[in-house]
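For reference, the structure discussed in these notes is given below.
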């Protein structure tokens, strides 16, 4: 593979040496955004479609297409399940979004989500050996408001072309109804990465953080800052994995969730929040000062910072506090500020800080394991299994307070998690294929390595072009000028 034009790990070397921590953090955020525009324009996006079958000569199109393909159509007509064997369906995922809540940018219009959805497709292919296609749709009805039923209907109709569906960047409360309905009514697994993926990878990070602090899940006091799809799913998985709901306090944009919260009571749109109102925060605590006092763990997935979480709240936490601040693109408080306030372990959603809590270390392998055993659902049990598998992988290779999670470069993680998830699917009775752990592991390993080697070959041969290094230096100079 050609040498990287400039290692993104070393871009801070291009900054003035007198930049403060705050200026460095701001500079990196601006740089990534500007480089994203440059790179996406240069490559025209980041995904393409190429054949997986050989073409020995022109006449072979008579086999791959008409008239030979008629036999494929009629065979699938007689038995729809053969579509998983005679097409790419069993390794193809639709990344479906209405782009109403794109990362930290909110409603970006239907095509505005394409960059993120193509990114998910890229990660699925490179890390999991799973093909994926971005499908950004308009979910607005005649009133102009996003309508959950439109997405539900769309997915139910398009499911016959795919092996699984990945829901992404759909605003609440629609996201809850869409996921819960489609999980029950589709014939293929439906996964909401903002909810289930974030919950899985957060649980993995918490498991290892607790090991380093000597604390137990069942004993810790937890503050969840933000009450959207991510944090409500995190709460559900942590409780299922042993957390005490009586020791959980969840904040929304106005106050906290508790049994007397009139905003959620009898509101069918926010049924997930109401479930947590009835099971958490029994003392009806409403202020950050009360909630953070002696808390062991903070998980924030709310408004981008850096001033969303106050340093003085962290100072109120228990000994060796664990702070997960995972808003994108800017965490609710910068890690250096959290550390100054007394945080022992700090994790964010960003790869340029230690302890990145990144869905990308879970969803490619979860989907791969699911597809390889033709599971009909992705259950909470499978997500919890993946979390423990990820934590175990990191622990075996060594963890410390600034390295509690595997990263995307540790490719051996992905076939392991895929195999563990597949075995859990078989155990729960939702898999149609009964493969061994080794069979899944070997298949996932082979397909992941083939994808990575193919990408390397395309780069070496120049079919994936290399951008001039001078562009990166120019972009960083623009960033420095803006900050100064």
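The values are calculated or read from the model by the stated rules, or taken from the named source; none is laboratory data. Computed from a prediction, not measured in an experiment: that's the story for all the values here. Glycine gets a Cβ as well: all are built from the backbone with ideal geometry, and neighbour counts include every protein chain shown.
What the table below lists for this structure:
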read-out: Failed criterion for residue 195 (all others in (1) at pLDDT 95 or above; (2) within 23 Å of residue 393 (Cα to Cα); (3) crowded, with 24+ Cβ neighbours inside 10 Å hold); value: (1)
read-out: Residue 461 closer than 21 Å to residue 360 by Cα and exposed (fewer than 14 other Cβ atoms within 10 Å of the Cβ); value: no
read-out: Helices (runs of 4 or more DSSP H) contained in the stretch 376-484 and holding at least 2 residues within 18 Å of residue 202 (Cα to Cα); value: 380-397, 413-428
read-out: Out of 362, 326, 277, sole residue that is in contact with a strand residue (DSSP E or B) (Cβ under 9 Å, 6 or more places away or on another chain) and touching a residue at least 60 places away in the same chain (Cβ under 8 Å); value: 326
read-out: Residue ranges of helices (runs of 4 or more DSSP H) in the stretch 142-261 with at least 3 members touching a strand residue (DSSP E or B) at 6+ places or on another chain (Cβ under 6 Å) and more than 23 Å from residue 288 (Cβ to Cβ); value: 174-185
read-out: Given (1) under 22 Å from residue 327 (Cα atoms); (2) touching a helix residue (DSSP H, G or I) at 6+ places or on another chain (Cβ under 7 Å); (3) modelled with pLDDT of 95 or more, index of the condition residue 102 fails; value: (3)
read-out: Residues satisfying the stated conditions in the stretch 337-354, i.e. modelled with pLDDT of 95 or more and either farther than 20 Å from residue 400 by Cβ or surrounded by fewer than 23 Cβ atoms within 10 Å (Cβ to Cβ) (or both); value: 337, 339, 340, 341, 342, 344
read-out: Elements of type helices (runs of 4 or more DSSP H) contained in the stretch 1-108, each with 1 or more residues being under 27 Å from the mean Cα position of the chain (by Cα), without any contact (Cβ under 8 Å) to a residue 40 or more places away in the chain and surrounded by 14 or more Cβ atoms within 10 Å (Cβ to Cβ); value: 21-43
read-out: Verdict on residue 272 being crowded, with 23+ Cβ neighbours inside 10 Å, over 18 Å from residue 349 (Cβ atoms) and either in the same structural domain as residue 173 (by TED's automatic domain parsing) or under 21 Å from the mean Cα position of the chain (by Cα) (or both); value: yes
read-out: Any hit, the stretch 283-305, residues being more than 24 Å from residue 103 (Cβ to Cβ), in contact with a helix residue (DSSP H, G or I) (Cβ under 6 Å, 6 or more places away or on another chain) and surrounded by 20 or more Cβ atoms within 10 Å (Cβ to Cβ); value: yes
read-out: Criterion violated by residue 389 - all others in (1) farther than 17 Å from residue 130 by Cα; (2) surrounded by fewer than 16 Cβ atoms within 10 Å (Cβ to Cβ) satisfied; value: (2)
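Table: residues versus (1) surrounded by 17 or more Cβ atoms within 10 Å (Cβ to Cβ); (2) farther than 24 Å from residue 217 by Cα; (3) out of contact with any helix residue (DSSP H, G or I) (no Cβ under 6 Å at 6 or more places or on another chain).
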site	(1), (2), (3)
359	yes, no, no
375	yes, yes, no
397	no, no, yes
405	yes, no, no
412	no, yes, yes
